[in-house]
Amino acid sequence: MSGVRKSLAKVEIALRWDPSPAGTPANDLDIVAAVYGAADPYGEPVYLVHFGSRAPDGTITLARDSRTGQGFGFDEVMTLELDRLAPELGRVVVGVVIQDAGSAAAPDRKTFAAVGGTGLRVREGYTDLATTDFAELAGATAATVAEFTRDGAGGWTLDARTRGFDADPQEYARVMGAVRG
């Protein structure tokens, strides 16, 4: 008898962080998703979903967008309806990037170490699939936090290994889906 394998269907990525101390620039973190074609899963993304946007077919949406971290619980929430993605889409990479982190040459560049109370949860229904607090990525300004890939049977799997980057938002969007070394 063969086992029944369940694929991921509807997944939620939730991000939280503390507001910056009074008199300092706001901590602004953003969830970003890059969607890649099955024919070229490590090439250019077919589209990006981030603050102020959503997937053209409505399968990936950002329900909340915070620019300060103020509020209770999770400040940003992205929903991915993987089971509704078109068959020609084979990979979705989700990351978090710090807005206004400064330039790479700036000694006061804002990294995850400078943002208090960070936390991320990847959840399907009531089941937490992965969590992180970015402690292992303290020196990074952006991080890949989830990679969903379509398997040969058309189901979706999760690789929740985190990977840090030292990149501004534009550069991060370009490199976030690169092959892991």
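Tabulated data
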| read-out | value |
| --- | --- |
| Share of carbon and sulfur in the accessible heavy-atom surface of the chain [1.4 Å probe, %] | 52 |
| Placed amide H near Trp156: partners under 5 Å, 5+ positions off or other chain | Leu8, Asp151 |
| Net +/- balance of residues flanking Ile60 in space, Cβ distance below 9 Å, scoring K and R +1, D and E -1 | -1 |
| Accessible surface ranking that places the most exposed of Tyr42, Tyr47, Tyr36 first, with a 1.4 angstrom probe | Tyr42, Tyr47, Tyr36 |
| The chain - Rg over Rh from alpha carbon coordinates, Kirkwood radius | 0.98 |
| Surface per residue (accessible, 1.4 Å probe) for the stretch 134-178, Å² | 42 |
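The values are calculated or read from the model by the stated rules, or taken from the named source; none is laboratory data. This structure is a prediction, so every number in the text was calculated from the model and none was measured. Positions of Cβ are backbone-derived with ideal geometry, glycine not excepted, and every protein chain shown enters the neighbour counts. We work out accessible area using only protein heavy atoms, side chains counted, and drop any ligands, DNA or RNA first. Shrake-Rupley method; radii C 1.70, N 1.55, O 1.52, S 1.80 Å.
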